[in-house]
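Read the figures in this text as sums done on the coordinates, not as results from a lab. Nothing here was measured: the structure is a model prediction, and the numbers come from that model. In this analysis, Cβ positions are derived from the backbone assuming ideal geometry, glycine residues included, and neighbour counts consider all displayed protein chains.
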Amino acid sequence: MPEPSPTLPPFPPDALGITSTIPLEVPLAAGRRVIDLNNLFVRSGDPAWFVRLAEAEGFPRTCCSWIRGLYGLLRTAGIRGGIFVTGGDCSNTHAMMETLLPGLAEVHTFSFPCPPSREALRQEIDRFCAALGTTPAAAEGMGRTLAPLRRSLAELDRLTWEEDRVTGAENHQWLVSSSDFGGDPARFAADLDRFLDEVRARPPRHDQLRIGLLGVPPIMTDLHEFLESLGARVVYNEIPRQFAMPDNTSDLVDRYLGYTYPYGVWPRVADIRRAALPRRIDGFVHYTQAFCHRQIHDIVFRRELAAPILTVEGETPGPCDPRTRLRLESFIEILKENRG
Ligand code: SF4
């Protein structure tokens, strides 16, 4: 790699990187800092650099850019330890973890049970607690500490769709950051409270259309803004909202059983149906990642959801490409005509 790597904030030596949402309460109860590597990767000055590094080291081009980018980050950012989701996320993560194993000083795994089962999840959380040197009771205590923060995220979401005071990009940014609470839950909570005070004082927005954005977080950096420039605001960011778990502040097992992402498409369909009605969604944009197995879920969404759907695909980090812009423009035009 001839070009220099992008500058990143120093990775705290005691922190653990995560590649997907895990029961965060457990490492936090163990006194560990947790940093979501997806957010670090996509917000770095040049995320494509990490993707190119993975390719240079032998990753196939047909492996999704999130995986290649995370690998590049883990190889270069001074990260000493990680927690990898080995069940319910992505088999590519598992293989990527294996390529890194000799180089990481500390590796933990978490596996969501398939099919979802209360008992199996309880056992996995107990195992995870023991691996990190904490107890389920301490993790439950951390869950109670974080409950006000999850309620604030629910309020942010409500202010987005019910009072129309938050943009789709802002909603996305806060919810997607809740997978690790920005690496510092206390600071995240204070920043979020300040943001909520600010948006409550804003006048409501009057967008022509209301969009539900389905799928994994887009690797495109301006999808929400581009939709808004067309008069269509995202009022439902499906998977980022799942990361925040705003509906479920009860016990640890219930919280992570209610989290739809690891359990296949059907819990997601039920969640999307529940969310679509009160939000008065005019249409869905289904974001899919190139080379991701989850693209296949598009078939089920098209069969099961009532509102019109446009499926878009992203591959590399950066702004929406011209073809995607054109397709979004045409879709929004059709939705506007439907509304009359
Ligand atoms: S986008 Fe799909 S293939 Fe890529 S890491 Fe996520 S689940 Fe895996």
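Summary of values
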{"item": "Residue list for the stretch 4-17, filter: out of contact with any Lys or Arg (no Cβ under 8 Å at 6 or more places or on another chain), assigned to a loop (DSSP other than H, G, I, E, B) and of a type outside the set (A, V, I, L, M, F, W, C)", "result": "4, 5, 6, 7, 9, 10"}
{"item": "Residues (of a type outside the set (A, V, I, L, M) and surrounded by fewer than 18 Cβ atoms within 10 Å (Cβ to Cβ)) located in the stretch 12-51", "result": "12, 13, 14, 31, 33, 43, 45, 46"}
{"item": "Residue tally, condition without any contact (Cβ under 8 Å) to a residue 60 or more places away in the chain and within 13 Å of the chain's Cα centre (by Cα), over the stretch 211-226", "result": "0"}
{"item": "Of the criteria (1) out of contact with any His (no Cβ under 9 Å at 6 or more places or on another chain); (2) over 26 Å from residue 116 (Cβ atoms), which one residue 263 fails", "result": "(2)"}
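Conditions (1) over 19 Å from the mean Cα position of the chain (by Cα); (2) within 18 Å of residue 291 (Cβ to Cβ); (3) touching a residue at least 24 places away in the same chain (Cβ under 8 Å); (4) surrounded by 19 or more Cβ atoms within 10 Å (Cβ to Cβ), marked per residue:
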position: 70; (1), (2), (3), (4): no, yes, yes, yes
position: 77; (1), (2), (3), (4): yes, no, yes, yes
position: 82; (1), (2), (3), (4): no, no, yes, yes
position: 87; (1), (2), (3), (4): no, no, yes, no
position: 100; (1), (2), (3), (4): yes, no, yes, no
position: 112; (1), (2), (3), (4): no, no, yes, yes
